[in-house]
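Peer 1: Have a look at this one.
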Amino acid sequence: MSVIVKITLVVALLLSIVIPFGAFAAGEKTKGRYKTALAVNLFLFFGTMVFAGAMMFSGNAYAAEAASGAASSAGMGYLSAALSTGLSCLGGGIAVSAAASAALGAISEDSTILGKSLIFVGLAEGVCLYGLIISFMILGKL
């Protein structure tokens, strides 16, 4: 992309933020000004994205030379380490949210089951730690 296209895209993105805010602030104090500001914001934002896509993907494309196998395998290793940590933490967060809410409900009815319920919450958190350990093992092999 040329410098002119980059400057145009930056200006368009800034205007897509400033114009709806100005329309909202300067508009009459009615319910319609919310809808107007939202409509202008959506129109300008998606219009800017379409324009940016057209500018970025217009022109000629050239094939890159063949990359070395070491760089490609290292990139895949970093990607796998990130995915193992991220997905295990996502699953652990979902499990903790379900287990912790059920544990709080059970503890509010019978306070003697506090220890049992904390064990289940801790087991759900363990999933995150296993993913982190696996990612350290992957990074150690790179």
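Peer 1: Out of the range 35-62, which residues are at pLDDT below 75 and open to solvent by 100 Å² or more (accessible area, probe 1.4 Å)?
Peer 2: Answer for the range 35-62, where residues must be at pLDDT below 75 and open to solvent by 100 Å² or more (accessible area, probe 1.4 Å): Met56, Phe57, Asn60, Tyr62.
Peer 1: Kindly provide the set of residues from the range 83-138 that are of a type in the set (Gly, Ala, Ser) and open to solvent by 80 Å² or more (accessible area, probe 1.4 Å), ordered by number. Steps first, please.
Peer 2: Going residue by residue through the range 83-138, those that are of a type in the set (Gly, Ala, Ser) are 84, 86, 88, 91-93, 95, 97-103, 105-106, 108, 111, 115, 117, 122, 124, 126, 131, 135.
Those that are of a type in the set (Gly, Ala, Ser) and open to solvent by 80 Å² or more (accessible area, probe 1.4 Å): Ser108, Ser111.
Peer 1: Among the listed residues Ser68, Ser72, identify the single one that is farther than 30 Å from Glu125 by Cβ, modelled with pLDDT under 75, of a type in the set (S, T, N, Q) and under 26 Å from the mean Cα position of the chain (by Cα).
Peer 2: Values: Ser68 fails: under 26 Å from the mean Cα position of the chain (by Cα).
The match here is Ser72.
Peer 1: Please name all residue pairs, on different chains or six or more residues apart, with Cβ atoms under 8 Å, provided the first residue is in the range 119-142 and is closer than 18 Å to Leu90 by Cβ and the second residue is open to solvent by 90 Å² or more (accessible area, probe 1.4 Å).
Peer 2: Gly131/Leu87
The values are calculated or read from the model by the stated rules, or taken from the named source; none is laboratory data. Remember, it's a predicted structure, so these values are computed and weren't measured experimentally. Ideal geometry is used to build each Cβ from the backbone, glycine not excepted, and the neighbour counts take in all protein chains shown. Just the protein is used for accessible areas: all its heavy atoms, side chains included, with ligands, DNA and RNA removed. Shrake-Rupley method; radii C 1.70, N 1.55, O 1.52, S 1.80 Å.
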